[in-house]
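Since the structure comes first, as C-alpha cells, the remarks are kept for the end.
Since every read-out is calculated from the coordinates, none of them should be taken as a lab result. Computed from a predicted structure; not experimentally measured. Note: ideal-geometry Cβ built from the backbone for every residue, glycine included; neighbour counts use all protein chains shown.
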Amino acid sequence: MERLKVAVLISGRGSNLRALMKACADPEYPAEIVVVISNRREALGFARATRSRTPCKLVPHLDRWLFATEAAKILQEYKTDLVALAGFMRILDSAFVEKWRDRMLNIHPSLLPAFPGLHAQRDALAAGVRFSGCTVHFVRPEVDSGPIVAQGIVPVHPNDDERRLSDRILQLEHELYPEAIRLFAEGRLRVVDEKVEVADWKPPAVSAINPEGRTVISRISPDVPARKVAN
Ligand code: GRF
C-alpha cells in the first residue's frame, strides 16, 4: 500500500506528533510521517522526533518568508503530500499557505469558529460554555480559520481550570488528528464552497446536555465510535 506522505510542523511539546507517530506505526494506517520540521531546537517534540527514526529538521523562524522558503525545500525533498501543523506556533507566509491549500491541516483546542487564538481553553472557561473540544481544519491565511474536517467535544466541568480543561481536550486531540488524517489519506475529503464534504460518513447518533445528572456520551465526528467519558 502506498501511504500518504505527511510532514508535521511543530514548535513545542509534540504530544500530537507522538499520537500521529503511534497511528503511523500501524502498517495498516494509510499515512506515514516522512519529516518533522520544528522552528525551535528546544521543542520537546523535536527531541522526540530526533530519538525516533523520523527525519527531523530545524528551521528557525527568523521571518515568515525565510521559513517558508526553507520549509518548501524540505517538503519537496520528502515528496510531501500533506502538511500537518501540530502545535506550530508561528503565523505562516500566506503564499506558502496558498500553495498548500486543501493539503495542510491544523488542530486547534476549541470548537472553531469559537475561541480562535492562543488561549482557546482560557477563553472558553471565561465564556462559561458547557462544552468545548477540538477542531481539525484545512489551513487558510487567517489564523485558526479554514474548512472544518472534524471536531470532537468534551464537557466543561464546574471545577475546571485551564489545565484540567486543556488536558481533557488534548486527550481527544490525540484521537481526532489521526482520524482526520486517515480521512484525508483515504481520499474521502473534498472542499466545496469552503465546507468539507466527507465521503461515506455516518453522522453521530448522540447528543448531550450539560448540565444533566447523567454520564455524557462523547463522540468524535465523523467516523469514530461513541465512547463514554468520565464525568
Ligand atoms: C494543542 O493543544 C493543539 O491543539 C494546539 O497546540 C497544542 C499543541 O500541543 N494547536 P502538542 O505540542 O501537540 O502537545
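Going by amide H atoms built from the backbone, whose H comes under 5 Å of the H on residue 104, apart from near neighbours?
Those lying under 5 Å, H to H, from residue 104 are 83, 139.
May I ask you to sort 177, 78 by Cβ crowding, counting other Cβ atoms within 10 Å and putting the fewest first?
Details: 177 26, 78 17.
So the residues, fewest neighbours to most, are 78, 177.
Just report the Cα centroid separation between the range 81-129 and the range 61-77, whole Å.
Rounded to whole Å, the Cα centres lie 19 Å apart.
In straight Cα distance, which lysines are under 16 Å from residue 22, not counting same-chain residues fewer than 8 positions off?
Cross-link targets: 5.
Evaluate the charge dipole of the chain about its Cα centre and quote only its size in Debye, nearest 20, assuming +1 on the Cβ of each Lys and Arg and -1 on the Cβ of each Asp and Glu.
On the way: 33 positive and 29 negative charges, 118 e Å.
Roughly 560 debye for the chain.
Would you please put 115-128, 146-159, 3-16 in order of how densely packed they are, using the mean number of other Cβ atoms within 10 angstrom per residue and starting with the highest?
Values: 115-128: 16.0, 146-159: 19.6, 3-16: 21.5.
Packing order, densest peptide first, comes out as 3-16, 146-159, 115-128.
What percent does the relative contact order of the range 27-97 come to when contacts are Cα pairs within less than 8 Å and at least six residues apart? Don't jump to the answer; show the numbers that get you there.
Working: 58 pairs, mean separation 20.4, N = 71.
Across the range 27-97, relative contact order equals 29 percent.
Tabulate in residue order the Karplus-calculated ³J(HN,Hα) for the range 72-78, using 6.51 cos²θ - 1.76 cosθ + 1.60 with θ = phi - 60°, rounded to whole Hz; enter x for Gly and Pro.
Along the range 72-78, the couplings run 4, 4, 5, 4, 5, 4, 9 Hz.
Compare the Cα positions of 127, 143, 85 along the charge dipole of the chain (+1 at Cβ of Lys, Arg; -1 at Cβ of Asp, Glu; about the Cα centre) and return the one farthest towards the positive end.
Projecting each Cα onto the dipole axis, the largest value belongs to 85.
How would you rank 136, 97, going from fewest to most other Cβ atoms within 10 Å of each one's own Cβ? If you can, show how the numbers build up before the last one.
Working: 136 27, 97 19.
Taking fewest neighbouring Cβ atoms as first place, the list is 97, 136.
Where Lys and Arg each count +1 and Asp and Glu each count -1, what net charge lies around residue 109 among other residues with Cβ under 12 Å from its Cβ?
On the way: positive: 122, 168; negative: 123, 144, 162, 167, 173.
Around residue 109, the surrounding residues sum to -3.
With the cut-off at 21 Å, report for the range 7-158 the share of all Cα pairs above it, as a whole percent.
Details: 5242 of 11476 pairs.
Percentage above 21 Å: 46.
Exposure proxy check: 89, 1, 104, 21 ranked by fewest other beta carbons within 10 Å?
Details: 89 14, 1 6, 104 24, 21 19.
Sorted ascending by nearby Cβ count, the order is 1, 89, 21, 104.
Cα to Cα, under 12 Å, and not fewer than 8 places away if on the same chain: which aspartates and glutamates meet these conditions relative to residue 195?
102
Specify which residue in the list 47, 17, 27 is farthest towards the positive end of the charge dipole of the range 9-70, using unit charges on the beta carbon of Lys, Arg (+1) and Asp, Glu (-1), about the Cα centre.
Final value for the positive-end residue is 47.
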